[in-house]
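> Have a look at this one before I ask anything.
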Amino acid sequence: MSGDRPIVLAAIIGAHGLQGEVRLKLFTEDLGAYRTLDGAGRSFTLKTIRPGPNGAVARFAEIGDRNAAEALRGTELSVPRSALPPLAPGEYYHVDLIGLPCLVDGAPIGVAAMVEDFGAGDVLEIEKPDGKRFMVPVAKAVTIEPDRLLIDPEFVE
């Protein structure tokens, strides 16, 4: 479940002010823990970050003015998977589940397509070979193994 693929933690959604700050949509609780992020074939050094409209406002050393900030609109900012904090036993990153085969009683039923959190716990969306999708609650219906997900047959459509 590890590998060192890039993990998107934020996306630039626009400029903020005239000095090169950017508005970010965040996909992590603490972007400030990462000093260097990659995006658009470049590395960006995070200087400051604060709460802002629809996410956060950040200043990167490499972005000096509003025009440079606007040019980066839509840029996804990522870190290597190895840069994420280690997990305690029983914890997982959503990104590690995506793409894993899902099995019921040893038979493949599909692939993990998405993990959502609607407030009451994680819900796994499984895509069947015919393209149809269904959801199962992770806590009640999924056993996570390093290279596959075992699904409780009671939750399979």
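The values are calculated or read from the model by the stated rules, or taken from the named source; none is laboratory data. All figures in this text were calculated on a predicted structure; none of them were measured in a lab. FYI the Cβ positions are ideal-geometry reconstructions off the backbone, even for glycines, and counts take in every protein chain you see. Just so you know, the surface numbers come from the protein's heavy atoms only, side chains and all, with ligands and any DNA or RNA stripped out. Shrake-Rupley method; radii C 1.70, N 1.55, O 1.52, S 1.80 Å.
> Please calculate how many Å² of accessible area the chain carries per residue, with a 1.4 Å probe and no DNA, RNA or ligand atoms counted.
56
> Nearest 20 debye, what's the magnitude of the dipole of the chain about its Cα centre given +1 on Lys and Arg Cβ and -1 on Asp and Glu Cβ?
820
> Still on this structure, I have one more. Take the alpha carbon atoms of region 20-73, find their center, do the same for region 80-103, and report the distance between the two centers in whole angstrom.
25
> Here's a follow-up. Before rounding to the nearest 500, sum -39500 (n - 2.57) across all DSSP H runs of length at least 4 in the chain and divide by the residue total; then give [θ] at 222 nm in deg cm²/dmol.
Roughly -1500 deg cm²/dmol at 222 nm, from the helical runs in the chain.
> Highest mean first, how do 37-43, 115-121 rank when packing is the count of other Cβ atoms within 10 Å averaged over residues?
Per-residue Cβ counts within 10 Å, averaged per peptide and sorted highest first, yield 37-43, 115-121.
> Then there's this: Output wanted: per-residue J couplings in Hz (rounded whole) for region 122-136, from phi through Karplus 6.51 cos²θ - 1.76 cosθ + 1.60, θ = phi - 60°, x for Gly and Pro.
Working through the residues one at a time gives 5, 10, 9, 9, 10, 9, 6, x, 7, x, 6, 10, 8, 10, 9 Hz.
> Can you tell me the relative contact order of region 115-157? Whole percent, Cα pairs under 8 Å, sequence separation 6 or more.
Computed over region 115-157, the figure is 26 percent.
> Given a cut-off of under 8 Å on Cα pairs at least six residues apart, what relative contact order in percent is computed for the chain?
Result for the chain is 20 percent.
> Ignoring ligands, DNA and RNA, what percent of the accessible area of the chain is carbon or sulfur (1.4 Å)?
With neighbouring chains kept in place, the figure for the chain is 53 percent.
> Would you report the distance distribution of C-alpha pairs in region 34-157 as whole percents per 5 angstrom bin, up to the bin with the largest distance?
Once binned at 5 Å, the Cα pair distances of region 34-157 give 2, 9, 16, 16, 12, 11, 12, 11, 7, 4, 1, 0.
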